[in-house]
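Quick note: the coordinates plus some simple rules give every number you see, no bench work behind them. The shown structure was predicted, so the numbers you read here are calculated from the model rather than taken from an experiment. All Cβ positions, glycine included, derive from the backbone under ideal geometry; neighbour counts span all protein chains shown.
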Ligand code: SF4
């Protein structure tokens, strides 16, 4: 069994210490593990190097493709654990790409981490369209579910899976984080909230953007929408701190 991670530079897995920039744990120091591969293809994806490899013609805003061998590394979960533990984490965020594509392997990694650090918290960032193995659900403390709206450009039949969204909405470990690009997206968030009965205190809206300027511009009207709808608002702290860079 092995895990396929993204890289910061060729051959170096993207495992790093930073602050969680988004959602319910924003501001917490965490060690991040970024996995490679995704089942979706969002037009504005800020980690296209995890999935848009040479030959992939699905549309993307930047229209870049990436050499797979330079942007992926496959390693044993024990080595991933060793690298994470060397950073002395109290909280680990597993992100991607879409981490749940490697759910069975993650169910092997997380016990290694939790056995070494009593009380360690583990959260997973997911687009919510891939079912987690039961063993993994039991191990993870928090799921950050980011269902992709129509502006992402994905086929809604792939991105929004009703039975999974129902399960996530009923899961007390799950928090929803909707990426919003324009005021036209608000009605779609409202519809999904009503359809799946997502509790408002577990629903975040977050502006789309990979630069501080556009994030601030969108935040102004999106904050007002959050107040109007009784939703929570999430910024993208890491973008303001570090810009759109790998390993942050
Ligand atoms: S689901 Fe996430 S990783 Fe996958 S394409 Fe969309 S934004 Fe990128």
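Points worth noting:
- Percent breakdown of C-alpha pair distances by 5 Å bin, ordered from the shortest bin, for the chain: 1, 6, 14, 19, 20, 18, 13, 6, 2, 0
- Computed over the range 167-248, the range of Cα coordinates on each principal axis works out to 35, 27, 16 Å, biggest value leading.
- Crossing angle, helix 186-196 versus the chain [Cα axis fit, 0-90 degrees, rounded to tens]: 70 degrees
- Relative contact order %, the range 3-242, counting alpha carbon pairs below 8 Å whose residues are six or more apart: 18 percent
- Using alpha-carbon coordinates, inclination of helix 212-229 to the longest axis of the chain, degrees: 60 degrees
- With Cα atoms defining each centre, the range 24-91 and the range 213-248 are spaced 21 Å apart in the structure.
- DSSP bridge pairs, the range 3-242: antiparallel proportion in percent, nearest 5: 35 percent
- Between 182, 25, 152, the Gaussian network model of the chain with springs among Cα atoms under 10 angstrom shows the greatest mean-square fluctuation at 182.
- Once C-alpha pairs closer than 8 Å and six or more residues apart are averaged by separation and normalised to the residue number of the range 25-76, the relative contact order reads 29 percent.
- Averaged over residues, the count of other Cβ atoms within 10 Å places the peptides 240-248, 5-13, 104-112, 173-181 in the sequence 173-181, 104-112, 5-13, 240-248, highest first.
- The angle separating the long axis of helix 103-116 from the principal Cα axis of greatest extent in the chain is about 70 degrees.
- Nearest-0.05 FRET efficiency for residue 221 and residue 88, computed from C-beta distance (R0 51 Å): 0.80
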